[in-house]
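Only one structure is covered here, and it is reproduced in the block below.
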Amino acid sequence: MKSLIIAEKPSVAADLARALGKVPKKGDHFEGDQFVISSAVGHLVELQMPEDIDKKKYGFWRLEMLPIIPEKFELKPIEDSKARFDLLKKLLARKDVAEVINACDAGREGELIFTYIYQLTKSKLPVKRAWMQTMTQEGIREAFRVLRDGAQMRGLSDAARCRSESDWLIGINGTRALTKRMFGSRGGNVAPVGRVQTPTLAIVYAREVEIRNFKPRAFWRVTALFDVSRGRYEGVYQRPDFKKSDADEHDRVDRIWDKAAAEAVFAACQGGPLAEVTEEKKASTQASPRLYDLTTLQRESNNRFGLSARRTGQIAQALYERHKVITYPRTDSRALPEDYIPTCRETLQKLPGDLQAHAQKLLEAGWLKPNKRIFNNAQISDHFAIIPTGQPAENLEDMEAKIFDMIARRFVAVFYPAAEFDITTRLSTVAGHPFKTEGKVLTFPGWLAVYGKTTVDDDSPDSKALPALDPADGSPARARTSEPLLHEEATRPPPRYTEATLLSAMEGAGKLVEDEELAEAMKERGLGTPATRADTIDGLINQRYMERQQRELIPTAKAEQVLQFLGAVKADQLTSPAMTGEWEFKLREIEHGKFTRDRFMKEVVAQTRGIIERVKGYEEDDSTGRLTEIPSPTDGKPLRETLRGYKSQDGELMVYKVIGGRKMEETDVRDLLLKGQIGPLDGFRSAKSGKPYSAVLRYNPTEKKVEFVFDGQRDSTGAIKIDFTGLQPLGEAPAARFGPGAFIYETPQSYVVRREENGEDKILARCSRRILARDIPREQFLKMLETGKTDLLDRFWSQRTRRPFSAFLVLKPDGATGFEFAPRPPKDPNAPPRKRGRAARKAAEPPAS
């Protein structure tokens with residue numbers, strides 16, 4: 001009799017076959033005397049959708065059918081991978097297979113993948129669990145030496161199924177209810193919701209509202225230079241009466257809120273007065289950063305390399321699974337097991353490159369020793385921190401090598417002693433006004449040596465020496481004040497979230513939960529898990545709730561609309577991290593056998609019913625809406641602002657706040673209704689492809705609705721069709737290029753060259769009036785017709801990079817418009833370095849639509 005091993009992926013199955021005695025390949029699986037080895041390809045089985053349960057009843061999204069609460073959650077094979085499911089079903093039914101070993105990834109999702117396969121195949125085989133922390137051959141063999149009994153995994157399996165089924169209940173019901181209440185059947189818009197993604201979106205939107213409502217406050221700072229016999233240093237004025245308070249987050253010791261007070265300090269520094277100088281020296285230490293968990297690795301790689309959380313996760317998984325050079329990456333722990341010192345010693349001896357010298361030094365110095373900050377069983381859940389395995393790091397791609405170096409270098413540095421500094425705080429007092437200067441000198445590199453800070457006199461940010469005081473400066477010492485400056489500045493709004501800072505916010509979402517027990521549960525998990533946070537962020541982007549602009553994450557008009565509606569119906573459970581905190585706390589209790597699956601699901605069903613009842617029962621009172629100053633063309637009275645749009649008091653007209661994925665500002669609505677037509681406007685986005693486009697909007701008084709005006713659409717033959725009714729030509733097109741009888745027209749969206757042939761319109765050339773957020777002047781189009789291209793035009797905005805660029809517009813042989821780029825000038829070796837980081841991003845802010 002044989003044991004059937006089911007891995008999560010084919011590559012893992014191949015690794016298991018090599019590690020367990022070189023089990024040979026046999027058709028579409030591996031098979032030897034003891035083992036039959038096969039795999040899933042990720043999830044093979046999923047919960048049935050409502051239309052699978054009853055297509056007639058649930059095939060159309062109807063509010064009256066909600067909530068959908070299955071008596072029992074049935075499963076189905078995922079269509080794209082049904083052949084793989086059938087293979088495993090066949091293997092599980094073999095007469096010579098006595099048991100099945102779950103070798104899927106060691107975590108909640110790996111457990112779910114196996115559990116669903118086992119359940120849908122109706123297998124009755126005994127189950128064992130291989131819990132692999134590394135994919136090295138020894139790590140695999142160790143996991144199979146200590147196989148866990150299937151009954152031990154019951155809690156993890158129950159928690160995995162609860163997570164899946166409860167997400168189904170909230171997601172399916174919430175999405176259908178919100179979509180129908182908000183969009184009805186308009187434009188195929190869908191409003192997906194989820195117990196992790198919606199609170200995450202709420203965090204991003206709350207920051208955007210904070211930025212939008214921010215009102216800058218002016219403040220002043222005073223700086224001056226001070227000369228002593230051994231050199232010069234800069235000091236910053238410090239308010240003597242400053243007391244730190246949570247009441248004003250913008251208050252700082254060097255900020256003066258009263259201009260007259262700032263000018264008085266500045267005046268006292270004029271004329272080179274002497275300053276009395278005192279200083280205080282103290283030693284300081286800085287411990288090495290802790291080992292990586294997945295979220296910390298994703299956060300730092302986003303800051304260092306601009307990698308998305310998802311991409312970092314993919315690279316880490318490849319380093320673990322394909323290259324086998326790191327331990328299991330989807331972990332939330334930053335500690336190692338307390339018995340792992342021998343393993344660490346062995347790994348340190350195998351590290352490559354310059355890390356080998358650093359590793360050898362720490363081993364010889366005896367720095368590898370018990371330390372609760374590193375080795376702590378209480379801080380380990382399913383997995384421990386990410387560290388190297390000691391396998392040769394060969395054939396890595398560039399970014400794989402960089403991520404591996406981050407992990408390996410952190411692993412070495414964590415055992416090194418703290419870096420040591422001498423910090424000098426110097427106060428230079430001018431006419432009673434204190435100016436502070438801080439010097440920092442690295443006296444012992446400690447762990448910084450692993451990162452190349454091997455000397456104590458380098459000019460890195462970790463060292464900033466002050467010119468020393470000398471007996472020649474007097475006793476007490478005095479310095480000559482020079483070059484005082486009065487800086488006028490203003491408070492800034494908080495920055496938008498990047499993936500790095502959003503990951504931190506998701507990880508620390510427990511701070512937003514008032515209940516101490518739930519906050520403690522979220523302290524361990526936060527919003528989502530390290531393995532799912534990247535997918536949550538990507539999901540919000542794919543669902544058109546957020547956009548990436550360089551590294552910033554910006555909520556869309558659709559996000560604003562959905563969150564405002566959830567607030568109006570008081571569905572706080574969907575927007576607050578509290579529900580996720582409660583779920584994660586109870587799921588962890590289920591894993592450890594302290595809470596039951598049945599009780600958890602009954603509570604989720606009750607939550608689902610409550611949310612759906614509030615969404616279905618909500619009725620907005622239009623009469624309470626704010627009266628605008630926009631007269632309605634239907635009754636002449638001011639439009640009222642409602643939750644979803646601007647509505648006439650006679651109920652005949654509604655102009656929605658979001659049209660084509662674009663937020664309609666009040667000024668847009670006013671201009672549209674007064675002028676009858678506006679545009680082309682930027683910022684519309686295709687519901688299908690997500691691509692941005694420009695369009696003209698027109699008010700149709702007959703239908704009493706707003707509609708798009710497009711020209712240049714192609715018919716079934718591929719010919720461009722434009723309605724020229726009522727349009728007068730601007731003039732005749734150049735005959736040398738287009739022949740006789742061709743005329744130039746300006747439509748709402750385009751410049752067009754047209755000739756009538758046999759009663760049919762023939763479009764000879766066409767150019768949009770707005771291209772990549774830049775208006776194209778009429779005279780430039782006329783020049784392109786004459787010479788073949790425009791002048792060099794600036795301020796085009798790349799949709800990919802969100803950066804401006806300059807280009808010529810050129811007329812193509814088929815009459816379309818293309819770009820031609822000016823040759824790059826030779827690089828000036830004396831030019832200042834290009835701005836990077838925040839300065840570059842600020843310089844690259846796109847213009848308003």
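The values are calculated or read from the model by the stated rules, or taken from the named source; none is laboratory data. Keep in mind the model is a prediction, meaning the values are calculated, not measured. No Cβ is skipped: glycine too gets one built from the backbone with ideal geometry, and neighbour counts run over all protein chains shown. The accessibility values were calculated without ligands, DNA or RNA, using every heavy atom of the protein model including side chains. Shrake-Rupley method; radii C 1.70, N 1.55, O 1.52, S 1.80 Å.
A few points about this structure:
- Selected residue (only one of ALA224, ALA287 is open to solvent by less than 80 Å² (accessible area, probe 1.4 Å), in contact (Cβ under 8 Å) with a residue 60 or more places away in the chain and under 30 Å from ALA385 (Cβ atoms)): ALA287
- Inside the range 208-241, residues that are part of a strand (DSSP E or B) and of a type in the set (S, T, N, Q) make up a count of 1.
- From the options ASP761, ASP775, ASP715, ASP711, residue that is at pLDDT below 80, open to solvent by 30 Å² or more (accessible area, probe 1.4 Å) and not basic (Lys, Arg): ASP715
- Whichever residue in the range 1-50 is among the hydroxyl-bearing types (Ser, Thr, Tyr) and over 16 Å from ILE78 (Cβ atoms) and, among such residues, is nearest to the chain's Cα centre (by Cα): SER11
- Within the range 748-767, residues that are of a type in the set (S, T, N, Q) sit with their Cβ atoms under 7 Å from residues that are open to solvent by less than 40 Å² (accessible area, probe 1.4 Å), at 6+ positions apart or across chains, in these pairs: GLN749/PRO680; GLN749/VAL696; GLN749/ASP711; GLN749/GLY712; SER750/ASP711; SER750/GLY712; SER750/CYS767.
- Scope the range 29-53; condition loosely packed, with under 12 Cβ neighbours inside 10 Å and farther than 22 Å from PHE144 by Cβ; matching residues: none
- Residues that are crowded, with 16+ Cβ neighbours inside 10 Å, touching a residue at least 24 places away in the same chain (Cβ under 8 Å) and assigned to a loop (DSSP other than H, G, I, E, B) within the range 648-673 comprise LEU653, LYS657, GLY660, GLY661, listed in sequence order.
- Near pairs, Cβ below 8 angstrom, 6+ apart or cross-chain, from the range 540-552 (on the phi > 0 side of the Ramachandran plot) to any residue that is not in a loop (DSSP other than H, G, I, E, B): ARG544/LYS558; ARG544/ARG685; GLN550/ARG841
- Test: residue in the range 401-410 that is part of a helix (DSSP H, G or I), open to solvent by less than 40 Å² (accessible area, probe 1.4 Å), of a type in the set (Asp, Glu) and at pLDDT 95 or above: no
- Residues in the range 133-144 that are open to solvent by 10 Å² or more (accessible area, probe 1.4 Å) and either more than 21 Å from ALA316 (Cβ to Cβ) or part of a loop (DSSP other than H, G, I, E, B) (or both): GLN133, THR134, THR136, ARG141, GLU142, PHE144.
- Selection from the range 461-505 of residues that are over 16 Å from TYR205 (Cα atoms), among the hydrophobic types (A, V, I, L, M, F, W, C), open to solvent by less than 40 Å² (accessible area, probe 1.4 Å) and not in a loop (DSSP other than H, G, I, E, B): ALA479, ALA500
- LYS602 vs. criteria of a type outside the set (S, T, N, Q), open to solvent by 60 Å² or more (accessible area, probe 1.4 Å) and in a helix (DSSP H, G or I): yes
- Residue within the range 62-73 that is open to solvent by less than 60 Å² (accessible area, probe 1.4 Å), among the charged types (D, E, K, R) and modelled with pLDDT under 95 present: no
- Sole residue being on the phi > 0 side of the Ramachandran plot, open to solvent by 10 Å² or more (accessible area, probe 1.4 Å) and among the charged types (D, E, K, R), chosen from LYS90, LYS82, LYS95, LYS122: LYS122
- Residues within the range 361-376 that are open to solvent by 60 Å² or more (accessible area, probe 1.4 Å) and closer than 20 Å to ILE326 by Cα, tallied: 0
- Filtered residue count, the range 141-156, keeping only those that are touching a helix residue (DSSP H, G or I) at 6+ places or on another chain (Cβ under 9 Å) and at pLDDT below 90: 1
- Of all the criteria given as (1) in a helix (DSSP H, G or I); (2) touching a strand residue (DSSP E or B) at 6+ places or on another chain (Cβ under 9 Å); (3) without any contact (Cβ under 8 Å) to a residue 40 or more places away in the chain, the one not satisfied by SER123 is (1).
- Contacts under 8 angstrom Cβ, first residue in the range 437-450 being among the hydrophobic types (A, V, I, L, M, F, W, C), partner open to solvent by less than 10 Å² (accessible area, probe 1.4 Å) and assigned to a strand (DSSP E or B), 6 or more apart: VAL441/PHE421; LEU442/ALA419; LEU442/PHE421; PHE444/ALA419; TRP447/ALA419; LEU448/ALA419; LEU448/LEU442
- Residue match in the range 239-248 (condition: open to solvent by 10 Å² or more (accessible area, probe 1.4 Å) and either under 15 Å from LEU563 (Cβ atoms) or among the β-branched types (Val, Ile, Thr) (or both)): no
- Selection count, the range 166-183, where residues are open to solvent by 10 Å² or more (accessible area, probe 1.4 Å) and closer than 12 Å to VAL604 by Cβ: 3
- Members of the range 780-804 found to be surrounded by 13 or more Cβ atoms within 10 Å (Cβ to Cβ), part of a strand (DSSP E or B) and modelled with pLDDT of 90 or more, listed by number: LYS789, LEU793
- Among the candidates GLY581, GLY593, GLY610, GLY617, the residue that is touching a helix residue (DSSP H, G or I) at 6+ places or on another chain (Cβ under 7 Å) and either under 12 Å from ASP158 (Cβ atoms) or surrounded by fewer than 23 Cβ atoms within 10 Å (Cβ to Cβ) (or both) is uniquely GLY593.
- Test: residue in the range 188-197 that is open to solvent by 50 Å² or more (accessible area, probe 1.4 Å), over 30 Å from ARG480 (Cβ atoms), at pLDDT below 90 and small (Gly, Ala, Ser): yes
- Residue check for GLU300: farther than 30 Å from ARG410 by Cβ, in contact (Cβ under 8 Å) with a residue 12 or more places away in the chain, open to solvent by 20 Å² or more (accessible area, probe 1.4 Å) and not in a loop (DSSP other than H, G, I, E, B): no
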